[in-house]
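The block underneath contains the structure these notes are about, expressed in structure tokens.
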Amino acid sequence: MVEFLRLQPGSAGNYVYNQLKQQIVSLELPPGTTLSEKEVSLSFEVSRTPVRESFVRLAQEDLVVVLPQRGTRVSLIDSELVEEARFMREQLERAVVRLACDEFPDNKLIELDENLARQQESIEQHDGKHMFELDESFHRILFEGCRKVGTWNVLQQMNAHLNRSRMLWLSADPDWSNLYEQHRAIVNAIRQHRADLAEQIMQEHLSLIISNLTVLKERHPDYFK
């Protein structure tokens, strides 16, 4: 039985939704997992109404499939949605990193350096979940430094299937040195104001998940459509 987090103060519906989404993206709830409305409501100590509302919201994001008379299950990873999200991220992040090479706040460069230091620690500790979180944070800092937080938030609405693939890749491949080196090279290119180089590295960086997607599907055929 899946172990859920207990409810904290705030909107019950939003909390249940956010926690379920986090558990789906992190693969704590793997693709194909059956979700019981009753079990989830008992685990979160809420009524079934916020659970039902959460299932509807997650279904709208293609993260769960609601089957009439048969219950709800976590959706399989859709390769086409993975590619579409990667395509959008590539276009926007190439543009953002070019902006960063023109002008980027010193305090945000410090945040990137601190992020890189924590990435090294995660590599040494073989902590895939923390590495994923730091990877997300690294890219978010780039958007924040370029004053494009709204654009980042829009990206997050399409990222769920891509993020599940990334999490699966981090779990399957314990050697994350290439990921770290690409991050470090991006920061160096920003410091040197080398926009063409930064854009090239970013494009290579964001193509990693697609190049590994075939391998992931072979290793985990039950996780993909």
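Restricting to Cα atoms and excluding each atom paired with itself, what does the Kirkwood estimate give for the stretch 1-147 in Å?
Averaging 1/r across every pair of different Cα atoms and inverting gives 17.7 Å.
If you take the beta carbon distance between His126 and Asp102 as r and set R0 to 22 Å, what does 1/(1 + (r/R0)^6) give as a FRET efficiency, to the nearest 0.05?
Values: r = 37 Å, r/R0 = 1.69.
Given R0 = 22 Å and the Cβ-Cβ separation, E is 0.05.
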With -39,500 (n - 2.57) per DSSP H segment of 4 or more residues and division by the full residue count of the chain, the 222 nm estimate, nearest 500 deg cm²/dmol, is -22500 deg cm²/dmol
FRET efficiency for Ser211 and Leu67 from the Cβ-Cβ distance with R0 = 45 Å, rounded to 0.05, comes out at 0.85
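Can you give the extra length, in nm with one decimal, that the chain gains between Glu37 and Arg191 once fully stretched, where that is 0.36 nm per residue apart less the Cα-Cα distance?
50.4 nm
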As straight-line cross-link partners of Lys108, the qualifying lysines (C-alpha separation under 19 Å, not fewer than 8 residues apart within one chain) are Lys148
Under the 7 Å Cα-to-Cβ spin-label approximation, Ala95 and Asn18 lie apart by a distance in nanometres of 2.9
Nearest-0.05 FRET efficiency for Asp175 and Val149 at R0 = 30 Å, using Cβ-Cβ distance, is 0.40
Filtering trypsin sites (Lys or Arg not before Pro) in the stretch 128-207 by DSSP loop and by at most 13 other Cβ atoms within 10 Å leaves Arg147
Across all Cα atoms of the stretch 82-139, Rg and the largest Cα-Cα distance (Dmax), in Å, are 13.4, 35
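Every number in this text was worked out from the coordinates using simple rules, so none of it is lab data. Computed from a predicted structure; not experimentally measured. Cβ: placed from backbone, ideal geometry, glycine included. Neighbour counts: every protein chain shown.
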